[in-house]
Amino acid sequence: MPFEDRLGEALRRTGDSFELGDRRDLVESGLLRGRRRLARRRMAAVTGSVLALATVGLGGAYAAGFVGGDGAGASVAAPPPQPQASGGIGGQRMIVLFTSSLPPGKVTQEQGRGPADPQAPGGPGGGTTASASGVFDDGKGAGLVSLGVSRVDPAAEPSGQQVTCPARAFVDYDACKAEQLADGSRYLFLQGYEYPDRREPTKEWRAVLITPKGTMVEASEWNAPAEKGAAVSRDTPPLTAEQLRTLVTSPKWLSVADGLRAPGKPDRPAANGPSGEAVQKQLLALLPSGKGLKVVERGNQDGYAFAVVDDGKGKSLVEINVQPRMSDVSPQGEASTLPDGTRIGLDKRPGEKGGDGVVGWTADTVRPDGFRVVVSAYNTGNQSKPATRTEPALSLAELKAIALDPHWLTFT
């Protein structure tokens with residue numbers, strides 16, 4: 001799933017060339033896996049009118065290398081903990097703290113990592129995360145449980161993204177609640193799935209805590225002894241919502257965080273197109289009037305915005321990419337060229353996310369200077385779910401009108 005970092009200008013240009021469908025792959029994948037292995041690039045996760053540019057997703061760790069330490073992603077198949085160096089906390093100690101924090105039951109296949117381990121990134125004492133995992137069985141079926149501790153800047157945008165419920169337009173989940181606790185900590189609890197299309201019945205529940213001083217604790221659990229490749233062993237993960245909350249809010253993790261190296265200030269990646277907020281505002285302003293369209297969800301990131309609209313006939317996802325320097329890209333679909341040299345492609349094709357009966361209509365425009373505007377609409381509010389209507393809420397002609405609107409010229 002995730003397509004992680006923006007690795008400089010070369011990768012930025014590569015990302016610029018993705019078709020709109022590819023961008024949704026990036027968005028969905030970042031949400032679903034970035035929180036497990038820290039997708040440092042900015043992906044979509046939305047609540048209300050705010051798109052959390054996700055370094056997060058449904059899975060195991062919201063911060064860098066959360067489960068398994070500094071990007072190494074722990075699992076039951078991971079190597080056993082290494083002997084610990086002196087000072088700091090290591091894997092063995094994390095296992096003790098982790099297992100002693102679980103409710104009564106049997107724990108097997110324990111794994112732990114910490115900055116005091118000899119093989120910690122940067123050598124002993126050089127790590128920025130500590131983690132532990134194990135297969136927990138309360139007598140009703142075994143389920144994998146993992147936990148990670150890290151230090152973050154609580155005021156930074158990525159921190160807020162990690163305790164923000166994701167957009168249902170991109171992530172399928174049963175329930176999500178984000179709240180602020182009495183001590184000022186931010187807490188999120190999400191009941192979701194390992195796979196967005198639910199092709200396997202593996203459920204994933206997770207909780208994230210960020211304290212005012214920057215301790216981040218994240219725990220994930222599955223209703224199977226492994227997150228992938230194992231049959232489900234129970235209807236829901238082994239810890240209840242309250243037990244998972246108790247696990248991540250335990251004060252013992254504060255002392256663990258005290259022994260971790262603070263992360264440096266990351267450089268903000270170069271904007272990949274116009275401001276997402278500006279693109280979103282313009283998209284909403286250009287939606288056809290007189291059709292009774294109600295915007296039920298919206299969001300954005302640099303050069304991209306989406307809105308889920310409903311005209312009373314079912315939800316329809318509308319999304320737009322606005323990209324400069326795309327002269328080398330040929331619009332897809334039935335092609336034509338305007339007198340001013342603008343190339344247009346109009347296309348209708350089946351959805352690509354597994355939703356039954358989903359179709360997508362796209363107007364792709366590239367102006368002579370390489371400025372590209374691509375607008376798509378689908379007959380569902382989430383491509384991973386079945387179609388909610390026969391056709392998208394916007395016609396090809398209406399999508400074309402949005403893409404060719406002269407207001408976009410002010411974005412060049």
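Since every read-out is calculated from the coordinates, none of them should be taken as a lab result. Keep in mind that this is a model prediction, so the values were computed, not measured. Heads up, the Cβs are rebuilt from the backbone with ideal geometry, glycines too, and the neighbour counts pull from every protein chain shown.
In region 276-411, what is the count of Lys pairs whose alpha carbons are under 15 Å apart, counting only pairs at least 8 residues apart or on separate chains?
8
Calculate the spin-label point distance for Ala401 paired with Glu179, positioning each point 7 Å from the Cα along the beta-carbon direction, and give it in nanometres.
4.6 nm
Would you kindly derive the ³J(HN,Hα) couplings of region 162-174 from the backbone phi angles with the Karplus curve 6.51 cos²θ - 1.76 cosθ + 1.60 (θ = phi - 60°), listing them in order in whole Hz, with x for Gly and Pro?
Taking θ as phi minus 60°, the curve returns 6, 10, 10, 5, x, 6, 5, 5, 10, 10, 9, 8, 7 Hz for region 162-174.
Can you tell me the mean projection area, over all orientations, of the convex hull of region 359-412's alpha carbons? Units nm², please.
Computed as one quarter of the Cα hull surface, the answer is 4.2 nm².
Quick one: which residues, 5 or more positions from Tyr193 or on another chain, have an amide H under 5 Å from its amide H? H modelled 1.01 Å from N in the peptide plane, none for Pro or chain starts.
Placed amide hydrogens put Glu204 under 5 Å from Tyr193.
Apply the Karplus parameterisation 6.51 cos²θ - 1.76 cosθ + 1.60, with θ equal to phi minus 60°, to every residue of region 346-362 and state each ³J(HN,Hα) to the nearest whole Hz, in sequence, with x for glycine and proline.
Per-residue couplings from phi come out as 10, 9, 10, 8, x, x, 10, 10, x, x, 5, x, 7, 10, x, 10, 9 Hz.
Going by Cα centres, region 136-169 and region 313-392 are how many Å apart?
34 Å
Which shape class applies to region 276-411: rounded if a/c is under 1.5, otherwise prolate when a/b exceeds b/c and oblate if not, where a ≥ b ≥ c are the square roots of the Cα gyration tensor eigenvalues?
prolate
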